[in-house]
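The structure under discussion appears below in the form of structure tokens.
FYI, it's all coordinate maths here, none of it is from the lab. Every value quoted in this text rests on a predicted model; they were computed, and no experiment measured them. All Cβ positions, even for glycine, are placed from backbone atoms using ideal geometry, and neighbour counts span all protein chains on display.
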Amino acid sequence: MKICSSCEQEKRVCDFYKDKRKTDGLHSRCKLCHAKTTNAWRAKNREKARTIDRKSTRKRYAANPQKYRNLAQKYRDVGDKAMRSAYNALYREKNAEKKRERAKAYYAANTDIVKQRSRIRFQRVKFAQRPINNERTRRRRIQKLQAVPHWANIAEIRRIYARCAEISALTGMVHHVDHIVPLQSMFVCGLHVEQNLQILLASKNLSKGNRSWPDSPDVLPYPKPRRRKLSETVAPM
Ligand SMILES: [Zn+2]
């Protein structure tokens, strides 16, 4: 702490400018008082102050010209960008009504084309996305049974389901993708992997249920269970 010689208040060291000539290395007056007297002097001696400023600026520039060139370029860039975006915003604002009207006119003149275009776009996205979405839904459900190992070949699984849909469409008979070893039964739990999938007639798949797998006994020692909801059979994740 140090007492200012002008306002006579006790202030922190950082509130004083450095001055090598002083014994404690600090100005005797605080920054605030220094600014007051300096500004008062500058107001009285404008020309002199300006010459001093110019001189010190030139000195600083000469000491490190590249730094100031870079700074100038930076300010130009920022200025350009700000100007451009401000100008663009102004243009959009000014012409928003015009743009809306042009779009409206185009739609009125080309209603059918516009509608068809958006229909095509929608269908394209829908069909491209559908098998992916289907497999995602399936995985979410089956993941609850913890039957999707990390090495499952998702692409191959998706292909099997696609082939199944194709076969159903070609034969006119509904086919299902069946898990050869059932995902859940009292004795075995199969995995949702490509090797455990087969395409079956829906009627066959439904009659098989989870009571039959490659080496299952002919008669299971338990009765056909009543159908339970998934929420009843699986602990919440
Ligand atoms: Zn002071």
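Normalised size of the range 14-74, defined as Cα radius of gyration per 2.2 N^0.38 Å with N residues, equals 1.46. Nearest 10 degrees is fine. How inclined is helix 46-63 to the longest principal axis of the chain, computing both from alpha carbons? Long axis of 46-63 versus the principal axis of the chain: about 50 degrees. Principal-axis analysis of the Cα atoms of the chain puts helix 111-143 at an angle of about 70° to the longest axis.
Put simply, the amide H of HIS176, placed in the peptide plane, has neighbours under 5 Å in LEU200, LEU201, ALA202, leaving out anything fewer than 5 places away on its chain. Within straight-line reach of LYS59, meaning a Cα separation under 28 Å, sit the following lysines at least 8 residues removed in sequence or on another chain: LYS18, LYS20, LYS22, LYS31, LYS36, LYS44, LYS48, LYS67, LYS74. Loop-resident trypsin sites (Lys or Arg not before Pro) (DSSP state other than H, G, I, E or B) in the range 1-82 with no more than 15 further Cβ atoms inside 10 Å of their Cβ: ARG12, LYS20, ARG21, LYS22. Given axes a ≥ b ≥ c from the Cα gyration tensor, I'd like to know whether the range 154-223 is rounded (a/c under 1.5), prolate (a/b larger than b/c) or oblate. Cα axes put the range 154-223 in the oblate bin. Relative to the longest principal Cα axis of the chain, at what angle does helix 154-171 sit, 0 to 90 degrees, rounded to 10? Tilt of helix 154-171: around 50 degrees. Estimated from helical segments only, the mean residue ellipticity of the chain at 222 nm is -20000 deg cm²/dmol, where each DSSP H run of four or more residues counts as -39500 (n - 2.57). For the range 8-118, what does the relative contact order come out to in percent, with C-alpha contacts under 8 Å and a separation of six or more? It rounds to 10 percent for the range 8-118.
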